[in-house]
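Structure first, then comments.
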Amino acid sequence: MRSGDDPSRLFHAGNRALQDRHDGRRVADRLEARRRVSAFEPQHVALIGAAPFFFLATAAGGAVDCSFKGGPPGFVRVTGPAELEWPDYDGNSMYLSLGNILESPSIGMLFIAFDGKSLRLRLRGQASLVEDPARIAAIPGARRLVRVAVTDIFPNCPRYIPDLAGGAPSAYLPRPDGSSQAPEWKGRDYIRDILPKDDPHRP
């Protein structure tokens, strides 16, 4: 069964196969239990409300697409405990993302600031198109709205994200000798003792 077939499941058979091959199931399960939530928390609402862009992943019929979606801060609005929507603006008439949504509503969203430190948020959910003329007319430039019933809310790992404004690469990139700085989360009391056997940061 694919994860998209059952919103209560974060991992599918492919995830589990690799977790088991590389001794990662314990860590995956612990992170899911500690970090995955089903409703937005205040810091999530603040991040989404201030975001000038996000990345959108869709897939249907073997066509996988990743798209940049931008707008004025506040263009993505949290409309419920686990629901949000954004306006679809004028585009290139290919409808790659929206066409995928019509065929398969399962989507992924990534909210990220390229400063190497801010909260990063990954969402999964079921998307639908809203064609209500009154709703659309209330948002300058909107052609339609995309509404998402969010099923998974979890943070994205901060490693490897550069500070673009400061021009600094991630401090966690591998060094020439292959070693790397350990991320903070690997030292948490509920993680450090269950790291995979071959993890270079295992105590």
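The values are calculated or read from the model by the stated rules, or taken from the named source; none is laboratory data. A quick note: this is a predicted structure, and the numbers were derived from the prediction, not measured. We place every Cβ from the backbone using ideal geometry, glycine too, and count neighbours over all the protein chains shown.
Can you tell me which residue within the stretch 149-181, out of those that are aliphatic (A, V, I, L, M) and more than 30 Å from V130 (Cβ to Cβ), is surrounded by the most Cβ atoms within 10 Å (Cβ to Cβ)?
Here the residue is I161.
On the basis of being exposed (fewer than 13 other Cβ atoms within 10 Å of the Cβ) and not assigned by TED's automatic domain parsing to the domain that holds G108, does A17 make the cut? Against the criterion (exposed (fewer than 13 other Cβ atoms within 10 Å of the Cβ) and not assigned by TED's automatic domain parsing to the domain that holds G108), A17 qualifies. Being within 15 Å of the chain's Cα centre (by Cα), closer than 21 Å to C157 by Cα and surrounded by 14 or more Cβ atoms within 10 Å (Cβ to Cβ): is that true of F68 here? No: the conditions fail for F68.
To keep it simple, each residue is scored yes or no on (1) over 24 Å from D189 (Cα atoms); (2) among the β-branched types (V, I, T); (3) at pLDDT below 95; (4) surrounded by 14 or more Cβ atoms within 10 Å (Cβ to Cβ).
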residue	(1), (2), (3), (4)
A28	no, no, yes, yes
L31	no, no, yes, yes
R35	no, no, yes, no
F40	yes, no, no, yes
I48	yes, yes, no, yes
F54	yes, no, no, yes
T58	yes, yes, no, yes
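Inspect all residues belonging to the stretch 4-17 and state whether any of them is more than 17 Å from the chain's Cα centre (by Cα), over 18 Å from A127 (Cβ atoms), part of a helix (DSSP H, G or I) and of a type in the set (D, E, K, R). Looking for residues that are more than 17 Å from the chain's Cα centre (by Cα), over 18 Å from A127 (Cβ atoms), part of a helix (DSSP H, G or I) and of a type in the set (D, E, K, R), one finds at least one in the stretch 4-17, hence yes.
Within the stretch 71-108, take every residue that is of a type in the set (A, V, I, L, M) and not in a strand (DSSP E or B) and give me the one that is nearest to I153 (Cα to Cα). Within the stretch 71-108, the match that is nearest to I153 (Cα to Cα) is A82. Quick one: how many residues across the stretch 189-203 are assigned to a loop (DSSP other than H, G, I, E, B) and surrounded by fewer than 12 Cβ atoms within 10 Å (Cβ to Cβ)? Qualifying residue count, the stretch 189-203: 4. Out of all the residues in the stretch 143-153, is one or more touching a helix residue (DSSP H, G or I) at 6+ places or on another chain (Cβ under 8 Å), modelled with pLDDT of 95 or more and of a type in the set (G, A, S)? Checked the stretch 143-153: no residue is touching a helix residue (DSSP H, G or I) at 6+ places or on another chain (Cβ under 8 Å), modelled with pLDDT of 95 or more and of a type in the set (G, A, S).
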